[in-house]
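Please read the structure below before turning to the comments.
Each reported figure results from applying straightforward, stated rules to the coordinates on display, with no laboratory input. All values derive from a computational prediction rather than experimental measurement. Virtual Cβ from ideal backbone geometry, glycine too; neighbours counted across all protein chains shown.
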């Protein structure tokens with residue numbers, strides 16, 4: 001997944017220290033693949049996955065809409081050339097003054113998952129469209145979902161009815177099947193719940209028009225994942241099954257699926273050592289770790305492909321750790337990572353599939369280390 | 001632990017958004033308590049705990065030395081007024097060019113835990129003093145230690161012998177009993193190991209002179225912890241027991257114990273909701289979470305005391321979560337946190353004991369949220 005353009009950039013620029021390089025050609029390909037796979041869905045890129053201005057500008061030019069988590073992300077999307085009608089304030093947890101600021105900026109589409117949030121929006125963003133997030137179980141996802149977002153479908157009916165009562169526009173339902181979701185049936189189960197909310201409200205004369213199917217589209221790490229086309233077919237079949245010939249507007253919010261495989265982190269081996277002479281597991285320490293951008297290795301959730309100049313030669317299991325003085329800064333220990341025996345201190349290690357959820361996760365200055373630098377080419 | 005000075009600052013300045021306020025008077029008191037409890041040990045403040053310039057300047061004035069994790073932290077300590085002979089480069093994982101830069105800056109004291117690291121130091125920091133870190137089991141610590149740092153005592157003997165062979169000064173042994181360590185016997189076990197390394201090398205004519213007893217001194221979160229005086233007595237007894245009347249120089253490296261209880265984070269309730277009408281656990285969302293500075297709530301390891309204006313009134317269990325669109329951004333869920341039933345959206349929540357390991361852990365811009373601001377008063 002390290003494209004020739006990325007390899008050429010690294011070979012020419014030789015940047016010092018760890019850095020992420022993102023290839024915009026891959027982002028463009030991903031956007032087109034989503035568009036082709038789900039031609040009737042609007043694409044709202046999840047800005048939080050990677051808010052680099054170059055990525056946002058490209059996607060704005062390609063016609064993407066944007067799913068944002070904060071006023072700062074709304075401003076980034078606007079600065080990249082998106083108009084306010086292409087921006088969703090998709091965080092269900094918003095301060096009332098941030099909702100007011102978003103409304104000033106022209107935003108009219110908001111996520112909710114409880115009546116309290118509906119009330120804030122009714123007060124400071126009158127008449128806006130709201131969609132209610134319903135809980136899903138997240139089974140099959142590699143990056144786990146907690147119950148943090150969403151409510152049970154029965155409560156979503158109450159929430160959207162409350163929105164109508166307060167003068168808002170109850171626009172639809174959203175769900176999220178869990179990030180890096182590889183089980184295509186997950187969308188079927190969630191769409192059945194969404195259809196239930198549509199039906200219950202229709203009985204009361206409230207006609208919802210939109211289903212926001214969230215993200216969850218995986219990127220390829222070590223294992224193959226279904227292609228966008230397979231997701232498209234599975235989702236379309238599920239929509240047809242549950243909504244018949246009255247399929248509503250649909251939205252998708254790819255983040256990881258849009259930029260994950262477009263980025264590669266260049267790192268360096270700082271140290272290779274053992275803890276005792278008779279240990280058979282080596283410790284390999286890189287100049288980037290859990291607090292420098294690889295936060296998604298938490299609980300060893302995401303397992304990135306590593307590329308070294310010794311690949312193909314004999315390997316042995318290694319514990320992989322970061323450079324900080326924090327004992328929690330270990331990426332892979334429970335399941336050691338096979339790395340070439342000939343790997344040495346000073347070697348470059350490319351960490352693939354790191355275009356999403358890396359730069360902005362980096363800590364601001366832990367142990368005095370700079371946040372992860374990023375180049376978008 | 002929110003001192004009157006901190007409360008007055010918050011009442012007067014009314015800063016918007018989450019922020020940390022650190023009271024330097026508490027830091028001064030902590031420094032003096034360590035000095036009194038362990039009068040024969042040199043104090044090396046662990047800069048990574050909180051590198052705010054005001055804290056470093058105060059400690060430099062009080063006579064503290066500094067334990068640093070990177071060249072950037074060395075420069076911070078020098079800028080705060082410490083001389084190079086009061087600075088230890090305590091990270092066992094260093095790039096050779098960073099060791100060279102530290103040597104240029106005058107640093108002559110380095111941590112190692114393997115022969116490979118000794119070789120780097122011998123090449124670019126000739127003649128320097130090195131101390132070898134030995135593994136401890138970390139039992140009794142709240143923030144867990146992995147096997148990331150250190151080697152078994154038998155290997156430490158080889159490492160320090162190798163240092164002598166390469167012209168370095170084998171100065172001593174270090175260990176770390178685990179952060180927020182409340183078991184006073186932990187130091188006894190580690191000192192027994194250190195004594196073993198001293199003895200083995202003495203038999204070969206290599207005389208070590210120093211034991212670096214690391215950090216681990218706890219700060220008070222929800223439960224009472226032994227006072228510095230108790231630690232001092234336990235450590236002195238263990239030194240006497242293992243080294244008799246030939247007690248070596250000793251170093252301690254408090255971080256959390258120096259600044260943890262000096263800081264309070266001011267946060268705001270963004271949302272309180274339920275996931276279903278019949279849920280009996282409420283979800284309370286703050287404007288700060290795991291990615292905004294409270295990284296040590298990972299696996300619910302550190303449980304901070306929370307203060308609200310409703311304290312003393314009836315409480316009920318809550319899940320406590322942060323403001324980002326990341327489902328992993330939940331602080332306390334397995335063990336819900338009792339919070340007042342009368343807590344409402346917009347209320348201020350003070351998070352106590354947050355002077356250490358918060359500001360620098362904050363992500364640089366996850367979800368568009370700013371890193372944690374900090375005021376040192």
Shape descriptor, region A:54-127: equivalent ellipsoid semi-axes (Cα gyration tensor, sqrt 5λ, whole Å, largest first) stand at 23, 11, 10
For chain A, longest principal axis from Cα atoms; helix A:228-243 axis from its Cα atoms; angle between them, nearest 10 degrees, is 20
Of all DSSP beta bridges having both residues in region B:90-254, the percent classed as antiparallel (nearest 5) is 10
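Rounded to whole Å and sorted largest first, what semi-axes of the equivalent ellipsoid does the C-alpha gyration tensor of region A:261-376 yield via the square root of 5 times each eigenvalue?
Values: eigenvalues 98, 53, 32 Å².
Equivalent ellipsoid of region A:261-376: 22, 16, 13 Å, largest first.
Would you mind getting the Kirkwood hydrodynamic radius of region A:206-333 from its Cα pairs, rounded to one decimal in Å? Could you put the intermediate results ahead of the total?
Details: mean 1/r = 0.0551 Å⁻¹.
In region A:206-333 this quantity evaluates to 18.1 Å.
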Note to self: Kirkwood Rh of region B:1-110, Cα pairs, one decimal, Å, is 15.3
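Averaged over A:78-85, how many beta carbons belonging to a partner chain fall within 10 Å of each residue's beta carbon? Each step should come with its number before you reach the end.
On the way: counts 0, 0, 0, 0, 0, 0, 0, 0.
Per-residue shielding by partner chains comes out at 0.
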Inter-chain shielding metric for A:93-105, i.e. average beta-carbon neighbours from other chains within 10 angstrom, reads 3
At the level of C-alpha centres, the distance separating region A:227-247 and region A:173-204, in angstrom, is 12
Between the alpha carbon centres of region B:252-288 and region B:1-57 the gap in Å comes to 20
Note to self, the protein assembly as shown gives a 222 nm [θ] from helices alone (DSSP H runs n ≥ 4, -39500 (n - 2.57) apiece, / all residues, nearest 500) of -9000 deg cm²/dmol
The answer for the per residue Cα convex hull volume of region B:313-377, in Å³, is 137
Pseudo-spin-label distance residue B:203 to residue B:185, built 7 Å along Cα→Cβ, given in nm, is 2.8
If each part is reduced to its alpha-carbon centroid, region B:96-140 and region A:327-377 end up apart, in Å, by 22
Here the percent of antiparallel bridges among DSSP beta bridges lying wholly in chain A, to the nearest 5, is 40
So the angle from the long Cα axis of helix B:24-37 to the longest Cα principal axis of chain B, reported in degrees to the nearest 10, equals 40
The Cα extents of region A:163-236 along the principal axes, largest first and rounded to whole Å, are 49, 19, 16
If the label point sits 7 Å along Cα→Cβ of residue B:61, residues of region B:352-377 with amide N under 16 Å come out as B:376-377
Final fewest-first order of A:308, A:354, A:12 on the 10 Å Cβ neighbour count is A:12, A:308, A:354
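Taking the square root of 5 times each eigenvalue of the Cα gyration tensor, what semi-axes in Å does the equivalent ellipsoid of the protein assembly as shown have, largest first?
On the way: eigenvalues 464, 189, 87 Å².
Values for the protein assembly as shown, descending: 48, 31, 21 Å.
So for A:67, A:183, fewest C-beta neighbours within 10 Å to most, what's the order? Write out the running numbers ahead of the final one.
Details: A:67 31, A:183 16.
Result, fewest neighbours first: A:183, A:67.
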Fewest to most Cβ atoms within 10 Å: B:70, A:237 sort as A:237, B:70
Of all DSSP beta bridges with both partners in the protein assembly as shown, the antiparallel percent, nearest 5, is 40
Computed on Cα atoms, Rg of chain B relative to 2.2 N^0.38 Å comes out at 1.05
The helix B:185-202 Cα axis meets the longest alpha-carbon principal axis of chain B at an angle in degrees, between 0 and 90 and rounded to 10, of 20
Rounded to one decimal in Å, the inverse mean reciprocal Cα-Cα distance for region B:90-254, i.e. its Kirkwood radius, is 16.2
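Report, as an integer, the average count of C-beta atoms from other chains found within 10 Å of each Cβ along B:34-43. Don't jump to the answer; show the numbers that get you there.
On the way: counts 0, 0, 0, 0, 0, 0, 0, 0, 0, 0.
Taking all residues of B:34-43 together, the mean is 0.
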